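These notes are about the structure you will find just below.
The values are calculated or read from the model by the stated rules, or taken from the named source; none is laboratory data. From a predicted model like this one, the values you see are computed outputs, not experimental measurements. Reconstructed Cβ throughout: ideal geometry from the backbone, glycine too, with neighbour counts over all protein chains shown. When the accessible area is computed, the model is the full protein with side chains, heavy atoms only, and any ligands, DNA or RNA have been set aside. Shrake-Rupley method; radii C 1.70, N 1.55, O 1.52, S 1.80 Å.
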Amino acid sequence: MNLQTIRNWRPDRELDRHWLTWMLVCWAAIVAWFLVQRHGNIYWLVLGDTDDNMRLMQVRALLAGQGWYDLRQYRLDPAMGGFDIHWSRFVDLPIAGLILLLKPFLGQAEAEKWACGIAPLLPLSVAMTGLVLTVRRLVAPHAWPLAVLGLLGCTSTLGMFVPMRIDHHGWQLACLAMTVAGLADPRRARGGATVGLSSALSLTIGLEMLPYCAMAGAIIALRWVWEAGDARRMQAYGLALGGGSALGFALFASEANQAMRCDALTPVWLSVMVAAGALLFALSLASPRQRWVRLALAAAAGGVIVAGFVAFFPQCLGRPEQVSDELARTWLNNVREARPIYRHPFKTGFPIAALPAIGLIGACVAAWRARRSAAASAWAAIALFTAFAGAMLLWQIRAGPAAQMLSVPGSVALIWLVVPWFLSRSSMLLRVVGSVAAFLVLSGLFAGLLLPYLPGDKRGSGGGGGANRVAQANAACARMSTLLPLNIVPRTIVFTHVDMGPRLITITHHDAVAGPYHRNGDAILAVHHAFTGQPSGFRAIAARHHATHLLICPNMAETTVYRARSPDGFYAQLHRGQVPNWLEPVALPRNSPFRLWRIRYDLPDASVTARPAPAPRPAKP
């Protein structure tokens with residue numbers, strides 16, 4: 001490289017011409033940072049969520065020869081034929097591929113750990129690509145590094161891509177990012193196809209993003225209503241949505257999902273997607289000139305879809321999980337992440353909601369500034385999508401990762417407008433302090449900086465309080481080092497808490513009775529009834545599920561519900577040390593957070609008396 005070349009080199013041109021290369025360099029740097037930072041989690045196979053544990057079990061079953069379309073988990077409630085898991089195999093593929101790739105070099109156990117560490121970072125590259133494309137198309141070709149920085153400020157979003165977060169949420173967020181990129185694409189056919197295929201893949205993985213997929217389709221139709229020239233976009237979208245959903249169903253729908261269920265891409269939702277795609281494709285071919293006629297036709301198409309759904313699938317008009325009233329009341333309605341954001345402490349809700357608010361303002365400002373350009377409709381679409389995602393937070397806080405990610409384009413637009421204004425001021429103090437402050441505020445990073453100073457949940461304050469005991473128990477009872485000693489007992493079926501089931505079968509050789517998966521409501525209710533009912537009824541329930549041992553984790557979050565719901569119930573008595581004489585204690589290490597008993601079925605009910613439980617003895621070497 002000569003001197004003239006160096007003089008002519010411009011960073012903005014480099015970022016524009018080689019954006020993909022530099023974006024992948026950024027992604028590789030993030031990967032390296034996460035793998036180093038989370039090395040301890042990888043080493044100890046810290047799968048913090050029940051779904052992450054279940055995902056690894058699904059992958060293990062696939063690699064062990066279980067059928068491609070058979071997604072039953074036979075180590076949960078094996079006496080009743082296993083648990084029906086409503087997922088698809090798509091997310092299993094990269095994890096399984098990494099295990100097979102690494103196994104010859106690391107061995108099975110280490111290959112699993114590193115596969116779980118690396119796999120979540122793969123969809124992060126797709127999400128980054130979608131956001132970078134959106135910013136390049138709508139803000140400036142060389143503004144994309146701000147999108148990467150903005151994504152790093154989306155703590156709720158980034159949490160879905162960290163090592164060991166191997167469940168499906170990262171892939172669905174990646175699909176959502178590509179959907180936004182498709183909405184921003186000036187090439188209409190390519191943009192419509194991108195939105196349609198991204199939505200189809202997201203639905204193939206799971207229905208969690210169904211509202212966002214529906215909103216994307218509505219935006220595509222509204223753009224056609226506003227501008228007849230967008231018929232190409234809607235045409236490609238309709239074909240890609242219908243065809244992609246059909247292909248996804250054929251390749252990934254499990255045997256259980258062949259039924260007319262409402263919680264996955266079953267024939268119910270496949271019919272809806274194919275019909276919606278076909279109707280939009282037909283409308284794009286007609287494409288009348290008058291805007292009001294296009295609006296009427298779009299409304300009619302929507303009415304046909306809704307009427308058909310009501311007529312053919314009335315069983316799906318309620319909540320898609322189709323659980324019993326008792327299960328909804330005692331379990332599903334109490335899931336913390338399913339509560340609206342205003343029912344959470346300010347310290348939890350504010351950092352999640354701050355960036356969507358900023359992103360919405362930015363998208364609206366950008367749409368107004370671009371009102372006379374070709375980018376106006378794209379910015380209007382982004383603003384609608386961002387507003388919709390923010391409104392979803394009023395329904396469930398689990399919408400936070402999507403809402404934060406969708407706010408990145410609007411946030412970057414504001415930064416691109418405001419920071420240069422500060423940099424052009426004559427005062428050095430204003431240039432430095434103003435531009436830094438503007439960047440921190442508009443990127444949402446200020447929320448993270450303020451987090452230690454925000455008021456928390458008073459119920460959890462105070463050292464040694466109930467919330468601290470629960471957090472400590474949750475962590476202790478999930479550790480590999482505390483679970484492995486349970487293997488001192490020969491493999492059997494263990495009766496334990498619902499949320500312990502997936503982790504227990506992942507780390508130990510034991511099977512469990514239940515896990516938090518709604519299609520298996522009878523087993524979940526059986527555990528609830530056993531722990532909240534009287535001791536006299538426990539053995540009948542345990543025997544029905546062929547359980548030979550009882551395992552509890554005192555102070556685990558789930559157990560506090562049992563005690564609150566039934567202060568004199570079976571679990572509450574165990575917690576107080578009142579143990580029936582038909583529970584024979586099994587010695588565990590002295591520092592074990594668990595209590596384990598063998599269930600004696602040979603003693604008559606008449607001999608059941610409450611007595612204090614003996615202290616656990618150290619296991620013999």
Conditions (1) surrounded by 17 or more Cβ atoms within 10 Å (Cβ to Cβ); (2) within 30 Å of ALA375 (Cβ to Cβ): number failed by LEU207: (2)
Pairs, first over 12 Å from PHE594 (Cβ atoms) in region 477-491, second of a type in the set (Phe, Trp, Tyr), C-beta under 7 Å, six or more apart: MET480/TRP44
Some residue of region 81-88 being open to solvent by 40 Å² or more (accessible area, probe 1.4 Å) and touching a residue at least 12 places away in the same chain (Cβ under 8 Å): no
Only listed residue being open to solvent by less than 40 Å² (accessible area, probe 1.4 Å), more than 24 Å from MET234 (Cβ to Cβ) and of a type in the set (A, V, I, L, M), chosen from ALA298, ALA328, ALA259: ALA328
Qualifying position, being open to solvent by less than 10 Å² (accessible area, probe 1.4 Å) and in contact with a helix residue (DSSP H, G or I) (Cβ under 9 Å, 6 or more places away or on another chain), among ALA218, ALA253, ALA246, ALA236: ALA253
Selected residue (criterion: least open to solvent (accessible area, probe 1.4 Å)) from residues of region 577-586 that are at pLDDT 95 or above and part of a loop (DSSP other than H, G, I, E, B): TRP582
Residue match in region 154-165 (condition: in contact (Cβ under 8 Å) with a residue 24 or more places away in the chain, of a type in the set (D, E, K, R) and surrounded by fewer than 23 Cβ atoms within 10 Å (Cβ to Cβ)): no
Where PRO485 falls short, out of the listed (1) at pLDDT below 95; (2) more than 28 Å from the chain's Cα centre (by Cα); (3) not in a loop (DSSP other than H, G, I, E, B): (1)
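Could you run through region 538-576 and say how many residues are part of a loop (DSSP other than H, G, I, E, B) and closer than 17 Å to LEU525 by Cβ?
Going through region 538-576, the residues part of a loop (DSSP other than H, G, I, E, B) turn out to be 545-548, 553-556, 566-569, 576.
Remaining after also requiring closer than 17 Å to LEU525 by Cβ: 545, 547, 566, 569.
Summing the residues that are part of a loop (DSSP other than H, G, I, E, B) and closer than 17 Å to LEU525 by Cβ in region 538-576 gives 4.
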Residues of region 426-461 classified as assigned to a loop (DSSP other than H, G, I, E, B), modelled with pLDDT of 80 or more and either closer than 26 Å to ILE341 by Cβ or open to solvent by 80 Å² or more (accessible area, probe 1.4 Å) (or both), total: 3
Every residue from region 366-403 that is more than 30 Å from the chain's Cα centre (by Cα), in a loop (DSSP other than H, G, I, E, B) and farther than 21 Å from GLY217 by Cα: ALA370, ARG371, ARG372, SER373
Total residues in region 539-571, condition over 22 Å from ARG600 (Cα atoms) and of a type in the set (A, V, I, L, M): 4
Number of the exception - GLN290 against (1) more than 30 Å from VAL139 (Cα to Cα); (2) more than 22 Å from the chain's Cα centre (by Cα); (3) touching a residue at least 60 places away in the same chain (Cβ under 8 Å): (3)
Of all residues making up region 48-80, the number that are at negative phi, of a type outside the set (D, E, K, R) and outside any helix (DSSP H, G or I): 10
Region 29-38, residues that are open to solvent by 50 Å² or more (accessible area, probe 1.4 Å), part of a helix (DSSP H, G or I) and either touching a residue at least 12 places away in the same chain (Cβ under 8 Å) or aliphatic (A, V, I, L, M) (or both): ALA29, ALA32, VAL36
Residue pairs meeting the criteria (Cβ under 9 Å; at least 6 apart or on separate chains; first buried (at least 23 other Cβ atoms within 10 Å of the Cβ), in region 408-419; second among the acidic types (Asp, Glu)): none
Pair list, Cβ < 7 Å and 6+ apart or interchain, from region 521-533 residues that are open to solvent by less than 10 Å² (accessible area, probe 1.4 Å) to residues that are of a type in the set (Gly, Ala, Ser) and in a helix (DSSP H, G or I): ALA530/ALA542
Positions within region 360-406 being among the aromatic types (Phe, Trp, Tyr), in contact (Cβ under 8 Å) with a residue 24 or more places away in the chain and surrounded by fewer than 24 Cβ atoms within 10 Å (Cβ to Cβ), in sequence order: PHE388, TRP395
Verdict on VAL304 being crowded, with 17+ Cβ neighbours inside 10 Å and farther than 21 Å from PHE83 by Cα: no
Residues of region 488-514 classified as assigned to a loop (DSSP other than H, G, I, E, B), surrounded by 24 or more Cβ atoms within 10 Å (Cβ to Cβ), touching an Asp or Glu at 6+ places or on another chain (Cβ under 8 Å) and not hydrophobic (A, V, I, L, M, F, W, C), total: 1
Qualifying residue in region 324-333 (condition: touching a residue at least 60 places away in the same chain (Cβ under 8 Å) and outside any helix (DSSP H, G or I)): yes
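Regarding region 90-106, can at least one residue be identified that is open to solvent by 60 Å² or more (accessible area, probe 1.4 Å), of a type in the set (D, E, K, R), assigned to a helix (DSSP H, G or I) and at pLDDT 95 or above? Steps first, please.
Residues of region 90-106 open to solvent by 60 Å² or more (accessible area, probe 1.4 Å): 93, 100-101, 103-106.
Remaining after also requiring of a type in the set (D, E, K, R): 103.
If we keep only those that are assigned to a helix (DSSP H, G or I) too, we end up with 103.
Filter once more, keeping what is at pLDDT 95 or above: 103.
Yes, region 90-106 contains a residue that is open to solvent by 60 Å² or more (accessible area, probe 1.4 Å), of a type in the set (D, E, K, R), assigned to a helix (DSSP H, G or I) and at pLDDT 95 or above.
Any idea which of ALA264, ALA353 is closer than 26 Å to LEU393 by Cβ, surrounded by 13 or more Cβ atoms within 10 Å (Cβ to Cβ), under 28 Å from the mean Cα position of the chain (by Cα) and at pLDDT 95 or above? Explain how you work it out, then say what you get.
Numbers: ALA353 fails: at pLDDT 95 or above.
The unique qualifying residue is ALA264.
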